[in-house]
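Enquirer: Have a look at this one.
The values are calculated or read from the model by the stated rules, or taken from the named source; none is laboratory data. Keep in mind that what you see is a predicted model, and the values were worked out from it rather than measured. No Cβ is skipped: glycine too gets one built from the backbone with ideal geometry, and neighbour counts run over all protein chains shown. Surface accessibility is based on the protein's heavy atoms, side chains included, excluding ligands, DNA and RNA. Shrake-Rupley method; radii C 1.70, N 1.55, O 1.52, S 1.80 Å.
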Amino acid sequence: MAKILINGGQTLDGEIWISGAKNAVLPILFASILGTKISRISNVPHLQDVTTSVELMAQMGAGISIDERLRIEINPSLLNRHEAPYDLVKTMRASILVLGPLLARHGRATVSLPGGCAIGSRPVNLHIHGLELMGADIQVKNGNIEATAKRLKGARILMDLVSVTGTENLMMAATLAAGTTVIENAAREPEIEDLANYLIAMGAKISGAGTHTIIIEGVDELGGADYEVLPDRIEAGTYLVAGAITGGRVKITRARPNTMDAILDKLAEAGAKITCGDDWIELDMQGRRPKAVNLTTAPYPAFPTDMQAQFTALNCIAEGTGVITETVFENRFMHVQELQRLGADIQLEGNTAIIRGVEKLTAAPLMATDLRASACLVLAALVAKGETSVDRVYHIDRGYEIIEEKLSQLGAKIKRIQIA
Ligand code: UD1
């Protein structure tokens, strides 16, 4: 077990690069199962969720090798087991992304039903319903989703709710179905477009990814592809908030500013001077305290739920009162109680947090509850007077590569210690 210790009070100033996107690399890795040939994926972030995905595919018999630059080579031709067991699925809900590819390519899949998690119940009914419309026979038994299909067939699928992994699962399954699939009310996240581009490179016929309607014309076989994963907009946003919260200047490179409009708009509203190139962003607070911002989370291109906790932290020390409304997950304010331990003034009313900015926070021992909540605690600790410890950092390691090294490079006083 490890803890992160942060001595708050440093004004961040410097430049760092952004890693490949967690939410793009996971579906891309699982999509490689759809092919008959080897795929090579680059710009892979060194994250626990990537390790879990690789472990899962290796357990199923796929040939996997990883080079020193973390390029992952996947040989799907050896895959001979079709099961995602509970011990892996419970650590990473995105394991549900094997369901569509396994069913489409091998005609069967047994995937443990993901349970609830800290941020809400997170059902997978949309994944199951869409696959049934494509002709799959699905039973939920003994905590498992057991799915079989001879060959999936194209279908028109209207998704009741906008679901990111739901859209991805169905888009992947449809690539090998007989006929055309139309997914309506599809999620539009940039990671969906990235997955579609990878599938197209493998030989799939997909149009409309990144819009509400995705059309997939099924093909008989997919090959492999060499593909570079897009940069992580949530990691990028988190480091920009680190700059803003400390009144500092942060330049991020290897980023994709055109996927970050809602985040950059809110940072500008908080008083940051933002300058962008094609693949870099510089944020400069010029020593000022941020101004509180109001925001509501919603599917892309609106403000992402995965950045909600970080902006809650920003509002804690901002000038004025900020109101944050969470509409995507029902229980995503677990960080509020921890922020209060640092002296934040936050009132929770249902899915809304009213945050009255205070001039200073003070250090306390904190406990991470989920991935983005843990990032928000680190951000708040950067401005809290004294030494804050953040426990259960395995949550951070699921989604942030070498966070303490990157923040140190920006001038933060942060270190990781091993505890018994
Ligand atoms: C993905 C992201 C996660 C992000 C979330 C919302 C990955 C690996 N994870 O998660 O980081 O926070 O999108 O942007 O990409 N829902 C149902 N039934 C379903 C599926 C979803 O009711 O079958 C509900 C969920 O409970 C939630 C909402 O739909 O309230 C959106 O969830 P969804 O977009 O599916 O989230 P994930 O794909 O799990």
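Enquirer: What does the accessible area per residue of the range 17-113 come to in Å², with a 1.4 Å probe and no ligands, DNA or RNA counted?
Expert: Details: 3470 Å² over 97 residues.
Result: 36 Å² per residue.
Enquirer: Once both labels are modelled 7 Å past Cα along the beta-carbon direction, what's the residue 220-residue 108 spacing in nm?
Expert: A separation of 2.5 nm, rounded to one decimal place.
Enquirer: Applying 1/(1 + (r/R0)^6) with R0 = 30 Å to the Cβ-Cβ distance of residue 211 and residue 77, what FRET efficiency is obtained, to the nearest 0.05? Write down the numbers at each step before the final one.
Expert: Details: r = 34 Å, r/R0 = 1.12.
That pair, residue 211 with residue 77, gives E of 0.35.
Enquirer: To continue, here is another question. For the charge dipole of the chain, defined by +1 on Lys and Arg C-beta atoms and -1 on Asp and Glu C-beta atoms about the Cα centroid, which residue among 155, 85, 169 has the Cα displaced farthest towards the positive pole?
Expert: About the Cα centre, the residue reaching furthest to the positive side is 85.
Enquirer: Helix-only estimate, please: 222 nm mean residue ellipticity of the chain, summing -39500 (n - 2.57) across DSSP H runs of length 4 or more and dividing by its residues, to the nearest 500. Don't skip to the answer; put the middle values down first.
Expert: Numbers: 14 runs with 129 residues, N = 420.
My calculation for the chain gives -8500 deg cm²/dmol from helical runs alone.
Enquirer: In whole angstrom, note down how far apart the Cα centers of the range 205-220 and the range 136-185 are.
Expert: Between the Cα centres of the range 205-220 and the range 136-185 lies a distance of 13 Å.
Enquirer: Give the carbon-plus-sulfur fraction of the accessible surface of the range 56-209 in %, rounded to a whole number; probe 1.4 Å, heavy atoms of protein chains only.
Expert: About 47 percent, which is the carbon plus sulfur part of the accessible surface.
Enquirer: Among 19, 130, 227, flag the residue with its Cα farthest along the positive direction of the charge dipole of the chain, charges on Cβ as +1 for Lys/Arg and -1 for Asp/Glu.
Expert: 19
Enquirer: On to the next question. Give me the distance between the Cα centres of the range 301-322 and the range 1-30, rounded to whole Å.
Expert: If you average the Cα positions of each part, the centres end up 18 Å apart.
Enquirer: Would you list, by chain and number, the lysines whose Cα falls below 27 Å from the Cα of residue 153, excluding same-chain residues fewer than 8 positions away?
Expert: Those lysines meeting the cut-off are 37, 141, 205.
Enquirer: So what is Rg over Rh here for the chain, counting just Cα atoms and using Kirkwood for Rh? Could the numbers behind the result be given before it?
Expert: Working: Rg = 21.4 Å, Rh = 21.8 Å.
That ratio is 0.98, to two decimals.
Enquirer: What share of the DSSP beta bridges in the chain is antiparallel, in percent to the nearest 5?
Expert: Values: 55 of 80 bridges.
Just about 70 percent of them are antiparallel.
Enquirer: Give the carbon-plus-sulfur fraction of the accessible surface of the range 242-317 in %, rounded to a whole number; probe 1.4 Å, heavy atoms of protein chains only.
Expert: Numbers: 1200 of 2670 Å².
It is 45 percent, rounded to a whole number.
Enquirer: Moving on to the next point. Over the range 292-420, what is the percentage of antiparallel beta bridges among all DSSP beta bridges, to the nearest 5?
Expert: Details: 10 of 18 bridges.
Antiparallel bridges: around 55 percent, rounded to the nearest 5.
Enquirer: Continuing with this model, one more query. If I build a Gaussian network model for the chain, linking alpha-carbon pairs within less than 10 angstrom, which residue out of 88, 97, 113 has the largest mean-square fluctuation?
Expert: Comparing 88, 97, 113 in the GNM, the peak value goes to 88.
Enquirer: Would you mind pulling out the separation of the Cα centroids of the range 66-116 and the range 225-269, in Å?
Expert: Taking the Cα centre of each part, the range 66-116 and the range 225-269 sit 29 Å apart.
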